[in-house]
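Enquirer: I'd like to ask some things about the structure below.
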Amino acid sequence: MTSFRPSQSDLVRLKNPLGKLLTGTPAETMPKLRTLIQQSKPPKITTVGDIVSRETLATGIQVNLRIVDQMTLRKSISPVEIKAERVYRVRNPAGVVTKEAWDAIKEALQHREAVVYVDGEEDLLAIPAILESPDKAFIVYGQPSQGVVVVMASPVMKHEVRDLMNRMTQE
């Protein structure tokens, strides 16, 4: 199984928000996210992570792709039941991006509504989600203890993320 592993220095970089940080509890961040969506009208919205996927579902925010691993901060949580027209199950060990997960994300983004269940960890899967999303799409992920991060896919953002990918070691 081909996978890509970021260097330690890039992992440190990835701890910082790649996009706009909306601070607060889900009760505070979801209305802010809804407002941003209404203003920007992104062509696609992807959520990466169980809490943000569950909160957007609970508040009725329309999401095209949810990527979940049934864990939060390395602890199992009760599985989120997500209804979607396409369901993918992939393996993606901690600290890497597997080709299997990447391919599933790429395919899932072709559908109106999909969910990718990850056996392992979904933390780094915002990377392929950014690269495979159309311009102006939103990729939303949780920032532990702070809130949620909204990344808008753009040529500049994709260039930055592609540089990061090019520095990764292939295993």
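Enquirer: Once the other residues with Cβ under 11 Å from the Cβ of residue 33 are scored (Lys, Arg +1; Asp, Glu -1), what is the net sum?
Expert: Neighbour charge sum, excluding residue 33 itself: +1.
Enquirer: Test of understanding: extend the Cα→C-beta vector of residue 89 to 7 Å, then name every residue of the range 122-151 with backbone N under 19 Å from that spot.
Expert: It comes to 122, nothing else.
Enquirer: Can you give me the distance in nm between label points at residue 32 and residue 58, each placed 7 Å from the Cα along the Cα-to-Cβ direction?
Expert: 1.7
Enquirer: Moving on to the next point. Loop by DSSP (not H, G, I, E, B), at most 14 other beta-carbon atoms within 10 Å: where is the longest site-free stretch of the chain for trypsin sites (Lys or Arg not before Pro)?
Expert: 1-73
Enquirer: Explain nothing, just compute: Karplus ³J(HN,Hα) = 6.51 cos²θ - 1.76 cosθ + 1.60, θ = phi - 60°, for every residue of the range 134-151 in order, whole Hz, x for Gly and Pro.
Expert: So the J values, rounded to whole Hz, are x, 4, 6, 5, 9, 10, 10, 9, x, 10, x, 6, 10, x, 10, 10, 10, 9.
Enquirer: Rg/Rh for the chain to two decimals, with Rh computed the Kirkwood way over all alpha-carbon pairs. The partial results should precede the final answer.
Expert: Values: Rg = 14.6 Å, Rh = 15.8 Å.
With Rh from the inverse mean 1/r over Cα pairs, Rg/Rh is 0.92.
FYI, it's all coordinate maths here, none of it is from the lab. Remember, it's a predicted structure, so these values are computed and weren't measured experimentally. Counting neighbours? That spans all protein chains shown, and the Cβs are built from the backbone with ideal geometry, glycine included.
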